Amino acid sequence: MVKNVKKVEKRKIPTFKRSNYGAKRRSRVKDNWRTPRGNDNHMRIKKKNVGVMPMIGFKNAESVRFLRQDGSVERLIHNKADLESISGKEGITAKFSHDLSKRTRMELQKIADERKIKISNSFKPEKKPEPKAVKDAPAGKAKDDAKNNTVKG
C-alpha cells in the first residue's frame, strides 16, 4: 500500500466501444463492448482510426491497482463482523454493500462513527419536508379573487 500519497495517479483508459457503433444504419446496436468476430472486421485487424480494443497493456501499475484516489484500499461491508474486522487498521475505507437494508445501514453507520472508520458511500437519512401550514381563508373569498384576476379583452 502506498503511504503519504495525496492523490493516486492512475493511467487514463479510453472508452471501449463496439466496432462499427457509429454507423447510421446500425442505430439498433448499443455501445457496450463486444469482441469483434467478423472475418473482415477492421477493429479486429487493428487498423488505424477504428477504435481500440481492450488489452493487457491498459492495466494500471500494481502499486496503484486497487487503490482509491486518496490512497486507501476499499473493503466491501455486508454485516457487522466485516466492519469490526477493519476497525483498527489504517489505510482501509469501508463501502456498504448495495443489498443492505436501511436499518442495517443506520446501525453500521453508528458503529463506524464510534470507531472512526471512513465510509465511501455513507448513509444519509432522508429528511422529510415539513408540511406547510395552510392559512384558513373563507372559501367564498378565494373564488372572488380568481374572478377578479381574469384578463378582460
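The values are calculated or read from the model by the stated rules, or taken from the named source; none is laboratory data. These numbers were taken from a predicted model, which means no experiment stands behind them. Backbone-built Cβ (ideal geometry, glycine too); neighbour counts: all protein chains shown.
A few notes on this one:
Each row is one residue, and each column tells you yes or no for (1) of a type in the set (Asp, Glu); (2) exposed (fewer than 15 other Cβ atoms within 10 Å of the Cβ).
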| position | (1), (2) |
| --- | --- |
| 76 | no, yes |
| 85 | no, yes |
| 99 | yes, yes |
| 106 | no, yes |
| 112 | no, no |
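- Among residues of the stretch 55-68 being of a type outside the set (Lys, Arg) and surrounded by fewer than 12 Cβ atoms within 10 Å (Cβ to Cβ), the one that is nearest to residue 117 (Cα to Cα) is 66.
- The number of residues in the stretch 1-23 that are farther than 30 Å from residue 75 by Cβ and either at pLDDT 85 or above or of a type in the set (Lys, Arg) (or both) comes to 2.
- If you go through the stretch 24-45 and pick out every residue that is modelled with pLDDT of 80 or more, surrounded by fewer than 11 Cβ atoms within 10 Å (Cβ to Cβ) and among the basic types (Lys, Arg), you end up with 1.
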